[in-house]
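Working notes, structure below.
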Amino acid sequence: WHRWIYDDCYRSYLLPLEKYGLTIPHDLVEEAWNRITTKGYVHEVARFFATGWPVNYWRIDAMTDTDFEWFEEKYPGWYNKFGKWWENYNRLAYPGKNKPIAFEDVDYEYPHRCWTCMVPCLIREDMVTDKVDGQWRTYCSETCAWTDKVASRLEYEGRPTPNMGRLTGFREWETLHHGKDLADIITDLGYVRDDGKTLIA
Ligand SMILES: [Zn+2]
């Protein structure tokens, strides 16, 4: 992760742009690293997508003891925060015995979706809520709120920016499928095998 953020993204991509006069948000690079290391972002993302496996075409396997040990060794404190949920994930991995984990009570609240990056708002203390374009929107961070509210507009700092992208329309999964029956969503996505009853994940 360190190489990805500091070498790939920062040193070889962002920093060279500085000499062309662009303002590089150095503090955001630090925050990207902070979100991964201190705030557990990657583990939150993994748990979110593992929760939603019935509406995906893939599913993360239940973890073995070796996996649990690996995570705790790599990320000290991981077990305290995520271990119990993954124990539940293992317990609920057997078809026919229970509902998918998303529909069982495992002390997990379905998060709001970030309007900008469309990853859910997984770091609670970073979440931003605001009424934008007449619509209540949630953002995973101040940075994503800024991207929608300030940057992706017709004007930026007094200059017209007609070619700037706009974050509009039916953006998130939850809006796209709102009000539909879960069985229809899964069928429409093509996630049922030829036998008509088994999911592909
Ligand atoms: Zn975001």
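For the range 155-167, how many residues meet the condition of being assigned to a loop (DSSP other than H, G, I, E, B) and exposed (fewer than 10 other Cβ atoms within 10 Å of the Cβ)? Count: 5.
I'm trying to understand the selection: among the residues of the range 138-152, which are near the ligand (Cβ under 7 Å from one of its atoms) and either under 13 Å from P111 (Cα atoms) or out of contact with any helix residue (DSSP H, G or I) (no Cβ under 8 Å at 6 or more places or on another chain) (or both)? Show your work before the answer.
So in the range 138-152, the residues near the ligand (Cβ under 7 Å from one of its atoms) come out as 139-141, 144.
Correct list: Y139, C140, C144.
Of all residues in the range 82-122, exactly one satisfies the criterion of being modelled with pLDDT of 95 or more and in contact with a Gly (Cβ under 8 Å, 6 or more places away or on another chain), namely F82. Restricting T129, T175, T116 to residues that are within 19 Å of the chain's Cα centre (by Cα) and in a strand (DSSP E or B) narrows the list to T129. Would you check which residues across the range 179-191 are outside any helix (DSSP H, G or I), out of contact with any strand residue (DSSP E or B) (no Cβ under 9 Å at 6 or more places or on another chain) and closer than 22 Å to A201 by Cβ and list them? Within the range 179-191, K180, D181, G190 qualify. Using the structure shown, decide if K81 is under 26 Å from T129 (Cα atoms), in a helix (DSSP H, G or I) and either of a type in the set (K, R) or in contact with a Ser or Thr (Cβ under 9 Å, 6 or more places away or on another chain) (or both). Considered against the rule, which asks whether it is under 26 Å from T129 (Cα atoms), in a helix (DSSP H, G or I) and either of a type in the set (K, R) or in contact with a Ser or Thr (Cβ under 9 Å, 6 or more places away or on another chain) (or both), K81 comes out as yes.
Looking at (1) within 16 Å of the ligand (Cβ to nearest atom); (2) surrounded by 13 or more Cβ atoms within 10 Å (Cβ to Cβ); (3) at pLDDT below 95, which is the only condition H177 fails? Among (1) within 16 Å of the ligand (Cβ to nearest atom); (2) surrounded by 13 or more Cβ atoms within 10 Å (Cβ to Cβ); (3) at pLDDT below 95, the lone unmet condition for H177 is (1). Just to be sure, is R137 at pLDDT below 95 and either under 30 Å from I186 (Cα atoms) or of a type in the set (S, T, N, Q) (or both)? Criteria not met by R137.
Just to verify a result, which residue in the range 101-121, among those that are farther than 18 Å from K81 by Cβ and crowded, with 20+ Cβ neighbours inside 10 Å, is nearest to the ligand (Cβ to nearest atom)? Filtering first and then ranking leaves C114.
Assess whether K131 counts as being among the basic types (K, R) and either in contact with an Asp or Glu (Cβ under 8 Å, 6 or more places away or on another chain) or at pLDDT below 95 (or both). When the stated conditions are applied, K131 does not pass them.
Quick grid of which residues meet (1) of a type in the set (S, T, Y); (2) assigned to a loop (DSSP other than H, G, I, E, B); (3) at positive phi:
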{"site": "E31", "(1), (2), (3)": "no, no, no"}
{"site": "I36", "(1), (2), (3)": "no, no, no"}
{"site": "E44", "(1), (2), (3)": "no, no, no"}
{"site": "F49", "(1), (2), (3)": "no, no, no"}
{"site": "W58", "(1), (2), (3)": "no, yes, no"}
{"site": "M63", "(1), (2), (3)": "no, yes, no"}
{"site": "T66", "(1), (2), (3)": "yes, no, no"}
{"site": "W70", "(1), (2), (3)": "no, no, no"}
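Take the range 122-137 and flag every residue that is more than 13 Å from the ligand (Cβ to nearest atom) and either within 20 Å of I36 (Cα to Cα) or buried (at least 19 other Cβ atoms within 10 Å of the Cβ) (or both). Once the filter is applied, which keeps residues that are more than 13 Å from the ligand (Cβ to nearest atom) and either within 20 Å of I36 (Cα to Cα) or buried (at least 19 other Cβ atoms within 10 Å of the Cβ) (or both), the range 122-137 yields R124, E125.
The values are calculated or read from the model by the stated rules, or taken from the named source; none is laboratory data. Predicted, not measured: the structure shown is a model, and the values here were computed from it. Note that we place each Cβ from the backbone using ideal geometry, even for glycine, and neighbour counts take in every protein chain shown.
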